[in-house]
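One structure below.
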Amino acid sequence: MTTPIQRLAEQALALQHAGRIDEAAELFRQVLELDPRHPQAHFTLGIIAHQAGHLGAAIQHFQIAASRAKKHPQIFQLLGISLMHAGDLDEAQSALQKAVALAPRMAELHAQLGEVYRLKRKPVMARASFEKALKLDPEHGHALIGLGHLEVSLGNIDASYGFYEHAVAVDSEAPTAYQRLAFHRSHKTRPAFLDDIEARLAATPGPGPEDAAALNWSAAKIYGDLGDVPHAVDHFRAARATHYDPFDMGAHRERMAFLREVFTPDFFAERESLAADDSDKPVFIFGMPRSGTTLVEQIIARHSHVTAGGELTYFRRVQDDLGLKRQPSPALEERLRSLDAGDYRRIARGYLKELDQIDRRARRVTDKMPHNFEMLWLMRLIFPKATFIHTLRSPADICISLLTHAMSKAHNYARDERTVGEYVLEYARLVSHWEKVLPQPPHSLIYEKLVHAQEEESRRLVDLCGLDWEEACLAFYEGDTPVNTFSDVQVRKPMFRSSIGRWRRYQDHLQELFSALGPLAPEEMRAPGFEDTLADDLPPFPDILPANDAPRPAMSVEYSPAK
C-alpha cells in the first residue's frame, strides 16, 4: 500500500514529466514538509534550482539527496556539475569520482570529470578522463570539445582544431565546436562552415537556446572578421539575448553603495592590526574582465619564483558565505562589523591552504580573479604584505570585448550595451572608493601602456612582487601554465596592438553604451553639451591610444551618476 507521501511524490513526478515544472516543484515542497529528507524531492528541486542559476540551493538539495540515495550516479553527477559551476572544484571532483565509480561505463561522467581536472590545471588526468570517455563512445561530443579546450589551455592551438572538426563531422556538440573554430582563427575569407551555421539558425524548428547562442556567437565573430559590422552586431545581440538572463542593475547599485557606506577609513583603522597575516605569498591581480588580468598573470608567472594560480574562487565563496551577494540589510552590516580576529585568521588560513595546494614551495602565487575588486576590503585587511595589482583598460574597449565574447552566464551584466556600460561605471566608483579608504591603495597597471612599453611595464610588475628581473618574463606567451580563461588564445601570442581602440569598428552601433559610460566614454563620443559636474573621483582610465603612437597621459575624470 502506498503512503500519502509516496502518492504525493508520484503526482509531483508525473507533473515534472509532463513539463509542468512549477506545479511539480510546489508538490515536492509539500513532500518535504512531510519528509524533510525525501531524496526524490530534493533531487528534483535541485535540478530546478540549478536550471534557475541558484547554485547554492541546488548543491544543498543534491547533497541531501546523495546522503539518502547513495547508489544513484545521477545525483552525484549533478552535485558535481553544480559544485564545478560554483567554483568548488575539489568537492566537484569528489562527487564526480563517486558517480564514475557507480557507473564506470557512462562516457558522460568521464568527460565531466575530465572538465573538472582541466579547470584544476591537471592536464594529464584531464586527458585520461576525456580519452576514457571516447573509448566508451568515440563520437562523444563533450569529450571531443574537452580535449580541444585542453589543447588550447596548453597552448597547442593547432592541435585543438582536429577535435573540434571531429565533433562537427559526427554532429555532436557541433554548435560549440563551431564557436571555438570561429574564435580561434582570424577569418580573411568566408569559411565554408558559415553556410551550415546560417542554415542551422534558419531551420524550423530552430536550435535550442544554448545551441542558438553558440551559433550566433560563431556567425558574429566571422562577420566581424570579414568587416560586415551590421551582420556581426545583429548576431552578437542575438547571442547575448539568448545566452544571458536579464541583469538587475538596481540591486547591483544597491550592493555597491552598501560597500561604499560600510567600509570607511574608520572601519579599517579599527581593524588593521586585528586582522593582519604576515604572509606575502599572494599576488592579487584584479579589474574588470577583459582588462588584461590574464596577460599580467602570464608575465609574472614566467618568473622562476612564481606559480600561476589562475582565477581562484576562494574570496567569491567567502563573499557568498558572508551574505554579500544578497540584498544589503542592517543585519548584514552588523555581521561584517562583528567579524573578530579569529574570523579573520580562519579566512586567511583557508586561503593560504589553497595557495599551498597549488604550490607549497613557490615564493609567490598569483590569483587573477577579476571580480575580487569587490572583496578588496577583506583581502587588504588580512594580507597587508601581499601584492595588489589593478588592471585598467579603456572602458570602451573593455565593454566591446565583453559584448563580443561569450562569457559565463554569471556575467549577465554584459547582456546589452546599456547594462555593461552602467556596470563598468559602478565598478569604477567602487575601485575609486578603495583608492581613498584602504590603508594601502593597490598598484595600477594600464593595459595600453603595457602594450606600448612591454619591457618597462613588465619590469615594474616583477619589481612590485619583490622579485629580481628575469628575461623570461618578456616571453610570457611561451609559458607552459594551463590557461582556462577567455584569453586562452591571445596569451599564447606575442604582444599585439590590434585590440586597442577596437570599439571604433562598432562605434555606429554603440550610442547606448557611450551614454551609459558617461565620462568614461571616449571623449569624442560623449553627447553634445556633456558636462561632468558631479563630485566623485574615478580612477585614471586611459583614453583610447592610437595603436602605433606612444602612450599619452592617462585621462582623469570626475563623475557620480544620479541615484
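The values are calculated or read from the model by the stated rules, or taken from the named source; none is laboratory data. Every value quoted in this text rests on a predicted model; they were computed, and no experiment measured them. So basically every Cβ, Gly included, is an ideal-geometry build from the backbone, and we count neighbours across all protein chains shown. Ligands, DNA and RNA are stripped out before the accessible areas are found, and what is left, the full protein with its side chains, is counted by its heavy atoms. Shrake-Rupley method; radii C 1.70, N 1.55, O 1.52, S 1.80 Å.
Inside the stretch 41-137, counting only helices (runs of 4 or more DSSP H) that do not spill past its ends, which hold 3 or more residues that are more than 18 Å from the chain's Cα centre (by Cα) and farther than 20 Å from E151 by Cα?
Filter on the stretch 41-137 gives 55-68, 73-86, 89-102.
Every residue, every condition in (1) among the charged types (D, E, K, R); (2) open to solvent by less than 20 Å² (accessible area, probe 1.4 Å); (3) within 25 Å of H61 (Cα to Cα); (4) at pLDDT 95 or above, yes or no:
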site	(1), (2), (3), (4)
D88	yes, no, yes, no
S94	no, no, yes, yes
V100	no, no, yes, yes
E131	yes, no, no, yes
L134	no, no, no, yes
V152	no, yes, no, no
Quick test of your reading of the structure: G53 fulfils all but one of (1) in contact (Cβ under 8 Å) with a residue 40 or more places away in the chain; (2) closer than 18 Å to A99 by Cα; (3) small (G, A, S). Name the failing condition by number.
(2)
I need the full set of residues from the stretch 357-385 which are open to solvent by less than 10 Å² (accessible area, probe 1.4 Å) and in a loop (DSSP other than H, G, I, E, B), in order please.
K368, F383
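Every residue, every condition in (1) in contact with a helix residue (DSSP H, G or I) (Cβ under 6 Å, 6 or more places away or on another chain); (2) on the phi < 0 side of the Ramachandran plot; (3) at pLDDT below 95; (4) of a type in the set (G, A, S), yes or no:
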residue: R255; (1), (2), (3), (4): no, yes, no, no
residue: E261; (1), (2), (3), (4): no, yes, no, no
residue: E270; (1), (2), (3), (4): no, yes, yes, no
residue: P282; (1), (2), (3), (4): no, yes, no, no
residue: G292; (1), (2), (3), (4): yes, no, yes, yes
residue: I300; (1), (2), (3), (4): yes, yes, no, no
residue: E311; (1), (2), (3), (4): no, yes, yes, no
residue: D321; (1), (2), (3), (4): no, yes, yes, no
Just one of R492, R505 is open to solvent by 20 Å² or more (accessible area, probe 1.4 Å), at pLDDT below 85 and not polar (S, T, N, Q); which is it?
R492
Scanning the stretch 441-462 for residues that are of a type in the set (D, E, K, R) and out of contact with any helix residue (DSSP H, G or I) (no Cβ under 7 Å at 6 or more places or on another chain), the one nearest to R302 (Cα to Cα) turns out to be R459
Failed condition for P395, given (1) modelled with pLDDT of 95 or more; (2) crowded, with 20+ Cβ neighbours inside 10 Å, with all others met?
(1)
Can you say whether T404 is within 20 Å of P282 (Cβ to Cβ) and open to solvent by less than 20 Å² (accessible area, probe 1.4 Å), as far as the supplied structure shows?
no
Restricting attention to the stretch 186-227, the residues that are under 18 Å from S499 (Cα atoms) and of a type outside the set (G, A, S) number exactly 7
By residue number, the members of the stretch 298-329 that are among the polar types (S, T, N, Q), surrounded by fewer than 17 Cβ atoms within 10 Å (Cβ to Cβ) and within 30 Å of D340 (Cβ to Cβ) are Q327, S329
Subset of the stretch 424-458 [open to solvent by 10 Å² or more (accessible area, probe 1.4 Å), charged (D, E, K, R) and farther than 25 Å from A251 by Cα]:
K449, E455, E456
Output the residues belonging to the stretch 18-40 that are part of a helix (DSSP H, G or I), closer than 24 Å to K71 by Cβ, of a type outside the set (A, V, I, L, M) and open to solvent by 60 Å² or more (accessible area, probe 1.4 Å).
Q40
How many residues are small (G, A, S) and farther than 15 Å from A95 by Cα if we restrict to the stretch 47-75?
5
Residue count, the stretch 183-233, condition among the hydrophobic types (A, V, I, L, M, F, W, C), open to solvent by 60 Å² or more (accessible area, probe 1.4 Å) and outside any helix (DSSP H, G or I), comes to 1
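Are any residues in the stretch 154-174 open to solvent by less than 10 Å² (accessible area, probe 1.4 Å) and within 30 Å of Q298 (Cα to Cα), and if so, which ones?
S160, Y164
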Test result for H390, open to solvent by less than 50 Å² (accessible area, probe 1.4 Å), out of contact with any strand residue (DSSP E or B) (no Cβ under 8 Å at 6 or more places or on another chain) and not in a helix (DSSP H, G or I):
no
Residue ID - farthest from the chain's Cα centre (by Cα), chosen from residues in the stretch 138-148 that are open to solvent by less than 30 Å² (accessible area, probe 1.4 Å) and within 22 Å of D196 (Cα to Cα):
H140
Only listed residue being farther than 17 Å from W217 by Cβ, without any contact (Cβ under 8 Å) to a residue 12 or more places away in the chain and out of contact with any helix residue (DSSP H, G or I) (no Cβ under 8 Å at 6 or more places or on another chain), chosen from A199, A203:
A203
In the stretch 1-17, anything modelled with pLDDT of 85 or more and not in a helix (DSSP H, G or I) is listed as none
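Looking at E354, is it farther than 22 Å from Q440 by Cβ, in contact with a helix residue (DSSP H, G or I) (Cβ under 8 Å, 6 or more places away or on another chain), in a helix (DSSP H, G or I) and open to solvent by less than 50 Å² (accessible area, probe 1.4 Å)?
Details: farther than 22 Å from Q440 by Cβ: yes; in contact with a helix residue (DSSP H, G or I) (Cβ under 8 Å, 6 or more places away or on another chain): yes; in a helix (DSSP H, G or I): yes; open to solvent by less than 50 Å² (accessible area, probe 1.4 Å): yes.
Yes: the conditions hold for E354.
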Looking only at residues in the stretch 238-286 that are assigned to a loop (DSSP other than H, G, I, E, B) and open to solvent by less than 30 Å² (accessible area, probe 1.4 Å), which one is nearest to Q440 (Cα to Cα)?
F263
For the stretch 341-366, pairs from a residue that is within 22 Å of L467 (Cβ to Cβ) to a residue that is of a type in the set (S, T, Y), with Cβ under 7 Å and 6 or more apart or across chains, are Y351/Y314; L352/S279; E354/Y314; I358/T307; D359/T307; A362/T307; V365/T307
